[in-house]
Amino acid sequence: MGIDVTLNELQNWTAGKVALMGNIPPRDVLAAGTPAEVERAVEEQFRSLPDTRHILFSCGGGMPPNAPTENIRAFVSTVQRLSRG
């Protein structure tokens with residue numbers, strides 16, 4: 001899968017029986033965005049899913065080269081914050 005298919009769609013197609021990984025846009029958000037844009041993308045992804053138990057939050061397609069450390073920190077801290085409820 002890439003960023004063209006949402007995790008929500010994939011959860012529906014697999015009946016929630018498959019662990020999924022993704023799906024923040026690597027180039028446009030994680031590498032070229034601001035920390036605030038990364039946080040917003042993670043929040044939107046998280047809130048779009050009715051069940052996050054079988055989701056490994058990541059950027060779709062792997063870590064982009066030269067992704068700013070601040071963006072990676074924003075990604076990790078937002079996932080941690082949202083996962084705690």
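Read-outs throughout are calculated quantities, based only on the coordinates presented, and are distinct from any laboratory measurement. On a predicted model such as this, the values are computed, not experimentally measured, just so you know. Here Cβ is always computed from backbone atoms with ideal geometry, including for glycine, and neighbour counts include all displayed protein chains.
Quick rundown of the values:
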| read-out | value |
| --- | --- |
| Unmet criterion (only one of (1) in contact with a strand residue (DSSP E or B) (Cβ under 6 Å, 6 or more places away or on another chain); (2) within 12 Å of GLY22 (Cβ to Cβ)) for GLN45 | (1) |
| Test result for ALA19, surrounded by fewer than 17 Cβ atoms within 10 Å (Cβ to Cβ), small (Gly, Ala, Ser) and either at positive phi or in contact (Cβ under 8 Å) with a residue 60 or more places away in the chain (or both) | no |
| Residue tally, condition in a helix (DSSP H, G or I), among the charged types (D, E, K, R) and surrounded by fewer than 12 Cβ atoms within 10 Å (Cβ to Cβ), over the range 68-85 | 1 |
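Here's the yes/no breakdown for (1) buried (at least 17 other Cβ atoms within 10 Å of the Cβ); (2) in contact with a Leu (Cβ under 6 Å, 6 or more places away or on another chain); (3) in contact (Cβ under 8 Å) with a residue 60 or more places away in the chain; (4) of a type in the set (Val, Ile, Thr):
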residue	(1), (2), (3), (4)
PRO25	yes, no, no, no
ALA31	yes, no, no, no
ALA36	no, no, no, no
VAL42	yes, no, no, yes
ILE55	yes, yes, no, yes
GLY62	no, no, no, no
ASN66	no, no, no, no
